[in-house]
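The values are calculated or read from the model by the stated rules, or taken from the named source; none is laboratory data. For clarity, every value in this text was computed on a predicted model and none was experimentally measured. We place every Cβ from the backbone using ideal geometry, glycine too, and count neighbours over all the protein chains shown. The protein model used for the area step is the full one, side chains on, heavy atoms only, and it has no ligands, DNA or RNA in it. Shrake-Rupley method; radii C 1.70, N 1.55, O 1.52, S 1.80 Å.
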Amino acid sequence: MIAPDSCLRLRPSVAMVPMEDGCWQFFQGNTRRSRVFKLQASLADAVGRLNGQQSLAFVAREAGAELGRLIALAEVLHEACLVEDVEVARRIARSPWRRVLNFIGDYIPSDLLESTFLRLDSASVVILGVGGVGSWIATHLCQSGFGHLILVDDDKVEPSNLNRSLYTFSDIGRYKVDALADRLRHIRPEIKINCVKQQLSDSEFLASLLLGQSNSTIVVNCADAPSVDATSSMVDEACRLVATPYVIAGGYNLHLSLIGMTVLPGKTACYHCSRLTLEELQSEDLAEMRKLARPWRNIGSLAPLAAITASFSANEVIRIAIGDSRIPPAMINRRGEFNFLTNEMHFVRLPPRPECGCVRR
Ligand SMILES: [Zn+2]
């Protein structure tokens, strides 16, 4: 709420550039976005004086601007993240989370910034499978301020896992969830972690886990046993039942990082919609794949490809948890493929399929 005694300043990343005919461009350097406003000379003078040291009432008097107009303009500039409340900025400067807060603050107005960030702390994220992708996602979320992770995996760390996951030699033989929980507590001691030493075996198991959560919950599927298709189908069933958003984290086979889709049950295309579209698109590719279906087929993996998949998925979880239309999830109704050989990204559109019936009209 902007008031006469509010002390505002231009955000450090914002430049105020004069243009023709009394117009001013406010350029947001971090996001490369800009807004143009036509301003009376006295209002432009007042905005140029906003350095957080004086109230709007004082600045309006000094610049000879009408206070009501300055407040109305300040509300627009604040909503566009071009100016910030200096009290909030000072609190953030003292926070160990200031780099995350400053990042989010390029999208979220300063009066909502701290409460928005707290949504990450109060959310629960269920990570199914904490191998090459899941261990990276858990670490990214811990580093970004998430306060509660539920790690689900019954695997133990093996020497062959160390090429792509965040485990160390001394973790070999330990349950992955225990080793990862220790690692995360070294990053953020106050993080709450539940370790579930089970494999995702059916949707009822996941649904009961989700029903036991009191906070807003997000599911990330990184489980590939018995197969990504099988686990994604279980995740879809459980998440649809309890209306929980989920991210299919993708994988890193075929020398591609697959960037999975985000599903908001009842609102966006679901996993089954994606299968219907992909089967149509890939019928020729799948025929080729069947030729390769030998029991001794080797599957390679590389840490950077696992980390790329994980980074995209963690970004999605952050955007879902923020829950603000200014930073919407980016992987709704589509998935991506990052090609190792060319460094190119290719996106496939996966619209809701009427025959699936998952999207409420
Ligand atoms: Zn569907």
Out of curiosity, is Asn343 surrounded by fewer than 23 Cβ atoms within 10 Å (Cβ to Cβ) and closer than 24 Å to Cys273 by Cβ? no
Subset of the range 1-26, residues in a strand (DSSP E or B) and touching a His at 6+ places or on another chain (Cβ under 9 Å), comes to Leu8
How many residues of the range 174-197 are more than 23 Å from the chain's Cα centre (by Cα) and not hydroxyl-bearing (Ser, Thr, Tyr)? The answer is 7
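Quick grid of which residues meet (1) without any contact (Cβ under 8 Å) to a residue 12 or more places away in the chain; (2) not assigned by TED's automatic domain parsing to the domain that holds Ser232:
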site: Val86; (1), (2): no, yes
site: Ser95; (1), (2): yes, yes
site: Val130; (1), (2): no, no
site: Gly134; (1), (2): no, no
Those residues of the range 121-138 which are open to solvent by 10 Å² or more (accessible area, probe 1.4 Å) and within 14 Å of the chain's Cα centre (by Cα) amount to Asp121, Trp136
Taking the range 309-333 and the residues there that are out of contact with any helix residue (DSSP H, G or I) (no Cβ under 9 Å at 6 or more places or on another chain) and open to solvent by 70 Å² or more (accessible area, probe 1.4 Å), the one that is nearest to the ligand (Cβ to nearest atom) would be Ser325
Are any of the residues in the range 242-252 part of a helix (DSSP H, G or I), open to solvent by 60 Å² or more (accessible area, probe 1.4 Å) and within 16 Å of the ligand (Cβ to nearest atom)?
no
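Looking at Val47, Val76, which is the one that is of a type in the set (Val, Ile, Thr) and more than 30 Å from Ile320 (Cα to Cα)?
Details: Val76 fails: more than 30 Å from Ile320 (Cα to Cα).
Val47 is the lone residue from the list that is of a type in the set (Val, Ile, Thr) and more than 30 Å from Ile320 (Cα to Cα).
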Selection status of Ser311, modelled with pLDDT of 90 or more and closer than 23 Å to Gly147 by Cβ: yes
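For Ala44, indicate whether it is of a type outside the set (Val, Ile, Thr) and open to solvent by 20 Å² or more (accessible area, probe 1.4 Å).
On the way: of a type outside the set (Val, Ile, Thr): yes; open to solvent by 20 Å² or more (accessible area, probe 1.4 Å): no.
Here the answer is no, as Ala44 does not meet what is asked.
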The lone condition Ala269 fails out of (1) closer than 21 Å to Asn315 by Cα; (2) within 16 Å of the ligand (Cβ to nearest atom); (3) open to solvent by 60 Å² or more (accessible area, probe 1.4 Å) is (3)
Checking Ser208, Ser144, Ser214, Ser170 in turn, the sole residue that is open to solvent by 10 Å² or more (accessible area, probe 1.4 Å) and closer than 28 Å to Gly300 by Cα turns out to be Ser170
Going through (1) part of a loop (DSSP other than H, G, I, E, B); (2) open to solvent by 70 Å² or more (accessible area, probe 1.4 Å) one by one, Pro351 fails only at (2)
Of the residues in the range 13-70, those that are at positive phi and at pLDDT below 95 number 4
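I'd like to verify a number: residues in the range 217-232 that are open to solvent by 10 Å² or more (accessible area, probe 1.4 Å), not in a helix (DSSP H, G or I) and not small (Gly, Ala, Ser), how many? Don't jump to the end; show me each part of the working.
So the first thing to find is which residues in the range 217-232 are open to solvent by 10 Å² or more (accessible area, probe 1.4 Å), and the list is 217, 222-230.
From what is left, the residues that are not in a helix (DSSP H, G or I) are 217, 222-227.
Subsequent filtering for residues that are not small (Gly, Ala, Ser) retains 217, 222, 224, 226.
Here the count works out to 4.
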